1. Going by what's in this entry, would residue 144 be described as more than 30 Å from residue 285 (Cβ to Cβ), charged (D, E, K, R), open to solvent by 20 Å² or more (accessible area, probe 1.4 Å) and modelled with pLDDT under 95?
2. Within the stretch 46-72, restricting attention to residues that are open to solvent by 30 Å² or more (accessible area, probe 1.4 Å) and among the charged types (D, E, K, R), which residue is nearest to residue 93 (Cα to Cα)?
3. In the set 179, 170, 190, 142, which member is in contact (Cβ under 8 Å) with a residue 40 or more places away in the chain and over 20 Å from the mean Cα position of the chain (by Cα)?
4. Tell me which residues, restricted to the stretch 1-33, are open to solvent by 70 Å² or more (accessible area, probe 1.4 Å) and assigned to a helix (DSSP H, G or I).
5. Residue 127: modelled with pLDDT under 60, over 18 Å from the mean Cα position of the chain (by Cα) and part of a loop (DSSP other than H, G, I, E, B), yes or no?
6. If residue 207 passes every condition in (1) open to solvent by 60 Å² or more (accessible area, probe 1.4 Å); (2) over 19 Å from residue 114 (Cα atoms); (3) part of a helix (DSSP H, G or I) but one, which one does it miss?
7. If I filter the stretch 60-83 for residues that are at pLDDT 95 or above, within 27 Å of residue 167 (Cβ to Cβ), of a type in the set (D, E, K, R) and assigned to a loop (DSSP other than H, G, I, E, B), do I get at least one hit?
8. Residue by residue through the stretch 230-273, note down the ones that are modelled with pLDDT of 90 or more, buried (at least 19 other Cβ atoms within 10 Å of the Cβ) and under 21 Å from residue 211 (Cα atoms).
Amino acid sequence: MRPPPSWLPPDLVLLDERCPLPLDRPFTADQAAGLGVSRWFLRLLMDRALIRPILRGTYVVTQVRDCVDLRAAALRLVIPESAIVTDRTAAWLLGADILPRSAVHAPPPLDVFSSTCSRLRRPGVASGTRQFLPRDLTVVHGVRVTTPLRTALDLGRRLWRFDALAALDGFLRLGVDHGELLTDVERFRGERGVVQLRWLAPLADGRSESVGESVLRLHWYDAGLPKPELQWWVHDETGSPVFRLDLAHPELRYAAEYNGERFHSGDEAQAKDAQRLEWLECRDSWLLDVFTAADVFGLQATAPDRLLAGLHRARQRCGLWVPESAYRDAQP
């Protein structure tokens, strides 16, 4: 086994100035090798979580915070000046992370198109040629990339329909104008995916706060439920807002929530979720169904059947008498 270099002691918490690698910017494996850090040591640093990948073949030390500037710097290392960043990679650069779920465990793929008539041939790169109008392109920290509007239109046509709606929601959340999005749909008449885009664009809503919420909302529509209210506030008897619901049908007091693992795991978070559910159902007579990633993602998602059954239960109980003691005993 190779002995570790002097700048990599066993008790090292984070890489510091002793390390020959850059501490403030991305670098490639070839650049690391030129600084005396072989691929074997790169793997060791990865195993110890002292560096992390950004894109295929590019790395950064762990303590550097993710930001648009960092992502652009990584892209500049691996794409030629003539390239145009598109699709999922454009969304990633612009701050709307609509990446494959595999990207949690591996660097995201590169979606890059050429402004010339040639393809960019590189492992892990989806490339080709595509036609753009001048207004479709912008420059972000030295990287040519499709604008937020054009990126939303492309992803709305090309992604799986659930991811496509999440992409449209994400770009509206970043400030893309919904009216402009709807107007530009017909630019792509006759092109791949335009039928899907025509159907999804009117449903897009920037109030959706995560990919999971967007996917759950599409399941809601697929189940044939009436149009939901997004981020619906429930108030107490004084009129003060108490809880906000992801998707709601206020007339029937039925709601659906997406609980992502990031904010709803652990004993404390689960205790708060249970208290919230008790207040909504006992104090304010809401019927709330909670969904996780296993319920909404994949071909075997159970969300549509559960949503349909939930609305049916809400209809059955909407006129039932609730004893006053239930209100007295519930704790806000």
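The values are calculated or read from the model by the stated rules, or taken from the named source; none is laboratory data. Please read all numbers here as calculations on a predicted model, not as lab measurements. Glycine also receives a Cβ, built like all others from the backbone with ideal geometry; neighbour counts cover every protein chain displayed. The area values use the complete protein model at the heavy-atom level, side chains included, leaving out ligands, DNA and RNA. Shrake-Rupley method; radii C 1.70, N 1.55, O 1.52, S 1.80 Å.
1. Details: more than 30 Å from residue 285 (Cβ to Cβ): yes; charged (D, E, K, R): yes; open to solvent by 20 Å² or more (accessible area, probe 1.4 Å): yes; modelled with pLDDT under 95: no.
The answer is no for residue 144.
2. 69
3. Step by step, each of 179, 170, 190, 142 is checked, and only 142 is in contact (Cβ under 8 Å) with a residue 40 or more places away in the chain and over 20 Å from the mean Cα position of the chain (by Cα).
4. 30, 31
5. Working: modelled with pLDDT under 60: yes; over 18 Å from the mean Cα position of the chain (by Cα): yes; part of a loop (DSSP other than H, G, I, E, B): no.
Criteria not met by residue 127.
6. It is condition (3) that residue 207 fails.
7. Looking through the stretch 60-83, at least one residue is at pLDDT 95 or above, within 27 Å of residue 167 (Cβ to Cβ), of a type in the set (D, E, K, R) and assigned to a loop (DSSP other than H, G, I, E, B).
8. 245, 246, 247, 248, 249, 255, 256, 257, 258 - these are the residues of the stretch 230-273 that are modelled with pLDDT of 90 or more, buried (at least 19 other Cβ atoms within 10 Å of the Cβ) and under 21 Å from residue 211 (Cα atoms).
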